[in-house]
Amino acid sequence: MIWNIFDQDPLSQTYDAIVVGSGATGGWAAKQLSEAGLKVALLEAGRAVSPTEFTEHTPEFKLKYRDHSPEVIRTRPIQKQCYACMEYNYEWFVNDLENPYSTPADKPFTWQRLRVLGGRSLVWGRHSYRLSDNDFKAASRDGYGDDWPISYADLAPFYDIVEKYVGISGAAEGHEMLPDGQFLPPMKMSCGEVLLRDKVKARLGRTVTIGRVAVLTQNHHGRLACHYCGPCERGCRTFSYFSSPFTTVADAVNSHNCTVITNAVVSHVNMDSSQNKASGVTFVDRLTRQVKEVRGKTVILCAQALESTRILLNSSTREHSNGLANSSGALGRYLMDHVTGGGASGHLPEMKFRPNANEPQRPNGLYVPRFRNTPSSKKNPQFIRGYGYQGGAGPQFDFSAEGYGTSLKNAVKQGVYSIGLGAFGESLARWDNCCEIDKNLKDAWGIPALRISMTHGDNEAALMEDAASSAAEMLELAGAKDIKLQSRTEMPGMAIHELGTARMGDDPKKSVLDKFNQAHDVKNLFVMDGASFVSSACQNPTLTMMALAVRACSHLIERFRSNDV
Amino acid sequence: MKRRELLRGAAVTGAAAALSVSVAAGQKSGQSAPPPDELTPAQRGVDASKDLASPNWKPLFLDEHQNETLVVLSDLIIPATETPGAKDALANRYIDLVLAAEASDRQRAFLNSLAYLDGESIHRYKNAFRYLAREDQDDLLHSLAYSKGASGWTGEAAGPDTGHGHFENLKQRIMFAYYSSEIGTRELGWDGNVMHGVYQGCDHEEGSHK
């Protein structure tokens with residue numbers, strides 16, 4: 001075991017950079033900056049994490065309540081809305097009793113949060129897709145909203161860096177909406193999936209590909225290839241899926257330039273108003289409630305979109321009276337989360353495979369890249385933008401078999417061959433979807449909490465309607481029976497892809513950050529998580545968030561080298 | 001993949017370094033293991049799989065008659081065949097444990113369904129369900145087990161199918177209790193091995209999928 005012993009009080013020095021948050025983006029910021037020789041403090045609100053607490057190989061029958069624990073229901077009623085919060089691992093998720101937020105009564109929003117080293121990278125869905133200029137320049141193409149201040153060419157080299165390090169398994173497709181990347185060998189498709197892929201390509205010209213996921217299909221930088229045990233969200237002893245504590249954060253620590261400070265619940269950014277510069281952050285010790293300060297030449301928020309924005313809103317000064325870096329008024333505005341709830345499912349009766357709990361469990365599924373409102377398709381009259389599907393096909397135990405007795409027991413084991421597709425649709429950036437400080441609500445550390453106000457609009461609902469009928473059409477081509485359509489518009493937050501609230505842009509009057517994730521108003525303050533997104537596209541966002549963070553860090557390192565900080 | 005390879009994999013990562021990162025201000029000096037009260041029982045390695053098999057087991061929520069009825073019913077729903085059934089898997093004990101911790105509306109719904117079974121049994125066969133002859137129990141269950149409308153019970157078709165709704169409520173509890181037990185997990189093919197090899201997928205020629 002390597003111990004990082006400090007000769008001096010870690011709070012007595014001034015760091016080159018303070019990174020708040022140790023998840024997917026904070027890990028990258030800490031790695032890039034510390035490996036470039038900068039002195040970094042990485043602050044995490046939760047505790048450290050150890051592989052000894054991973055439970056991916058623990059069978060459910062060893063749990064007292066077999067995932068029906070009353071403790072989870074009592075302390076995590078919101079977190080439990082996500083499948084990944086379980087009796088196995090609920091302590092990684094925030095205690096909802098200690099971490100309140102409010103919403104208008106008619107605008108429910110579910111907010112999934114982890115406070116532990118690595119944050120949500122411990123439990124994320126791992127799908128990793130590039131955005132294209134169809135996304136970065138979408139406003140120019142259909143007139144809605146704003147273009148990003150960067151184009152695909154600006155970000156492509158950083159996608160390369162991230163993918164090569166993280167390890168993304170996937171197949172190159174040359175698709176107009178989904179640029180190819182640096183892939184490890186793709187995972188295999190099931191028979192039903194191959195059938196769907198071939199029929200859909202032949203009849204509709206649409207691409208069905210295996211999910212591009214941050215799960216290794218070969219050994220990679222000292223991490224082992226996936227052993228297909230299944231439940232990644234409970235941890236991985238072979239580190240086969242990407243999570244920050246065992247990759248980027250480990251690299252940062254090994255550089256000997258990074259001090260990790262856990263249990264540091266950051267309340268606000270401190271300002272040196274004489275220079276209009278951030279001077280550090282104040283945090284509350286999670287366990288003792290002692291209030292402490294860390295000083296730094298730059299402050300980088302990677303706490304996730306809503307948390308980073310909350311910190312800025314709680315950092316008002318006389319000069320920045322409506323929240324720090326908010327002269328535009330755009331801070332907290334344009335909250336987005338991919339719309340879900342549209343899709344279809346059915347059975348492929350001709351497939352004869354039987355399910356077996358002892359077979360490899362592939363932690364991946366299909367991906368269908370966006371096929372609506374693309375350069376090569378007609379403009380859809382019902383909606384702008386589009387959606388992608390995740391899904392899959394394979395044998396499942398038939399727990400809804402009819403009857404009872406021996407025939408029931410046999411029918412469960414016989415199983416059914418199911419097939420399904422579920423959409424993730426673009427969430428349009430709208431001023432009215434926002435977060436602000438709820439003056440009457442504080443968390444267990446006395447820090448003012450958020451009031452989140454978001455609804456999906458008519459465009460999102462139209463996307464899900466179309467996603468249901470289009471999915472049914474595709475399943476039918478594969479020969480599916482008993483097809484059931486679903487065209488709900490799920491509650492915002494359900495995709496767990498919160499984006500926006502500190503958008504980037506070239507115009508300081510309309511945006512919070514510049515194109516290098518630096519606050520327009522405060523030159524040494526950065527937000528490098530999903531808050532910077534101008535539009536949501538429909539692809540899972542973490543890969544893009546990481547690439548943006550690496551790009552912003554490269555720019556910051558250049559500025560340090562030219563003494564421009 | 002062999003255990004030795006696994007261990008080697010762990011050793012070459014930088015992971016160990018990050019984990020033991022001593023952490024400066026917020027934590028006691030030198031502390032790297034998480035405080036035990038911030039780990040779930042599963043993360044602490046607690047194995048609760050033998051709890052229900054205790055010879056001193058007593059129901060927490062159900063009374064003796066309700067518990068005995070549940071034992072009889074679970075044995076009918078998922079009988080022992082060449083593999084053990086729900087009675088062997090102590091499905092009743094798990095259901096009782098969960099019920100004891102549940103909200104009162106869920107508890108009431110379960111008791112209503114159990115009482116419905118006894119009510120129908122007394123009405124048709126003049127005795128509570130667990131005292132009936134096996135063929136009468138079977139007869140009664142058969143009359144409740146199949147939806148009278150379209151096949152498949154959606155959970156919304158109350159009214160004319162009240163009996164089927166109660167049957168499904170009890171059946172779903174028993175099925176979960178069975179298939180989540182060690183016996184039920186083995187029934188589904190699990191053998192304790194976590195290394196399943198690489199997912200092979202489809203390698204058929206077009207048109208020969210099966």
| query | Taking A:ALA330, is it out of contact with any strand residue (DSSP E or B) (no Cβ under 6 Å at 6 or more places or on another chain), among the aliphatic types (A, V, I, L, M) and more than 14 Å from chain B (Cβ to nearest Cβ)? | reply | yes
| request: Filter region A:282-295 down to residues that are of a type outside the set (Asp, Glu), without any contact (Cβ under 8 Å) to a residue 60 or more places away in the chain and more than 13 Å from A:ASN314 (Cβ to Cβ), then give me how many there are. | output: 4
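For region A:425-536, please list each of the strands (runs of 3 or more DSSP E) lying entirely inside it that holds at least 1 residues being farther than 30 Å from A:ALA344 by Cα. Show your work before the answer.
On the way: elements: A:434-442, A:448-453, A:481-487, A:525-527.
Filter on region A:425-536 gives A:434-442, A:448-453, A:525-527.
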| query | Considering only region A:179-231, how many residues are without any contact (Cβ under 8 Å) to a residue 12 or more places away in the chain, closer than 19 Å to B:VAL198 by Cα and outside any loop (DSSP other than H, G, I, E, B)? | reply | 1
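For residues that are assigned to a loop (DSSP other than H, G, I, E, B) and either over 23 Å from A:GLY23 (Cβ atoms) or within 11 Å of another protein chain (Cβ to nearest Cβ) (or both), tally how many sit in region A:78-107.
Residues meeting the conditions: 11.
Can you tell which of A:SER316, A:SER267, A:SER279 is closer than 26 Å to A:MET504 by Cβ, without any contact (Cβ under 8 Å) to a residue 24 or more places away in the chain and assigned to a strand (DSSP E or B)? Walk me through it before giving the result.
Numbers: A:SER316 fails: assigned to a strand (DSSP E or B); A:SER267 fails: without any contact (Cβ under 8 Å) to a residue 24 or more places away in the chain.
A:SER279 is the lone residue from the list that is closer than 26 Å to A:MET504 by Cβ, without any contact (Cβ under 8 Å) to a residue 24 or more places away in the chain and assigned to a strand (DSSP E or B).
Listed here are the residues, each with its yes/no results for (1) assigned to a helix (DSSP H, G or I); (2) away from chain A (no Cβ under 13 Å); (3) under 17 Å from the mean Cα position of the chain (by Cα).
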position	(1), (2), (3)
B:ALA48	no, no, yes
B:ASN56	no, yes, no
B:LEU62	no, yes, no
B:ALA80	no, no, yes
B:PRO84	no, no, yes
B:ASP88	no, no, yes
B:LEU97	yes, no, yes
B:TYR116	yes, yes, no
| query | Residue check, A:PHE353 against (1) surrounded by fewer than 16 Cβ atoms within 10 Å (Cβ to Cβ); (2) assigned to a loop (DSSP other than H, G, I, E, B), all met but one. Which one? | reply | (1)
| query | Does region A:72-91 contain at least one residue that is modelled with pLDDT of 95 or more, charged (D, E, K, R) and closer than 20 Å to A:ASP529 by Cα? | reply | no
| request: For region A:8-28, state whether one or more residues are under 30 Å from A:LYS277 (Cβ atoms), at pLDDT below 95, among the aliphatic types (A, V, I, L, M) and over 19 Å from the mean Cα position of the chain (by Cα). | output: yes
| task | Sort out which residues of region A:276-295 are within 14 Å of chain B (Cβ to nearest Cβ) and either crowded, with 24+ Cβ neighbours inside 10 Å or touching a helix residue (DSSP H, G or I) at 6+ places or on another chain (Cβ under 8 Å) (or both), and write them in order of number. | result | A:VAL281, A:PHE283, A:VAL294
| request: Output the residues belonging to region A:226-264 that are in contact with a Phe, Trp or Tyr (Cβ under 9 Å, 6 or more places away or on another chain) and surrounded by fewer than 22 Cβ atoms within 10 Å (Cβ to Cβ). | output: A:PRO231, A:ARG237
| query | If you go through region B:79-100 one residue at a time, do you hit one that is of a type in the set (A, V, I, L, M), surrounded by fewer than 14 Cβ atoms within 10 Å (Cβ to Cβ) and modelled with pLDDT under 95? | reply | no
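The values are calculated or read from the model by the stated rules, or taken from the named source; none is laboratory data. None of these values were measured; they are calculated from a predicted model. Neighbour counts run over all protein chains shown; Cβ positions are idealised from the backbone, glycine included.
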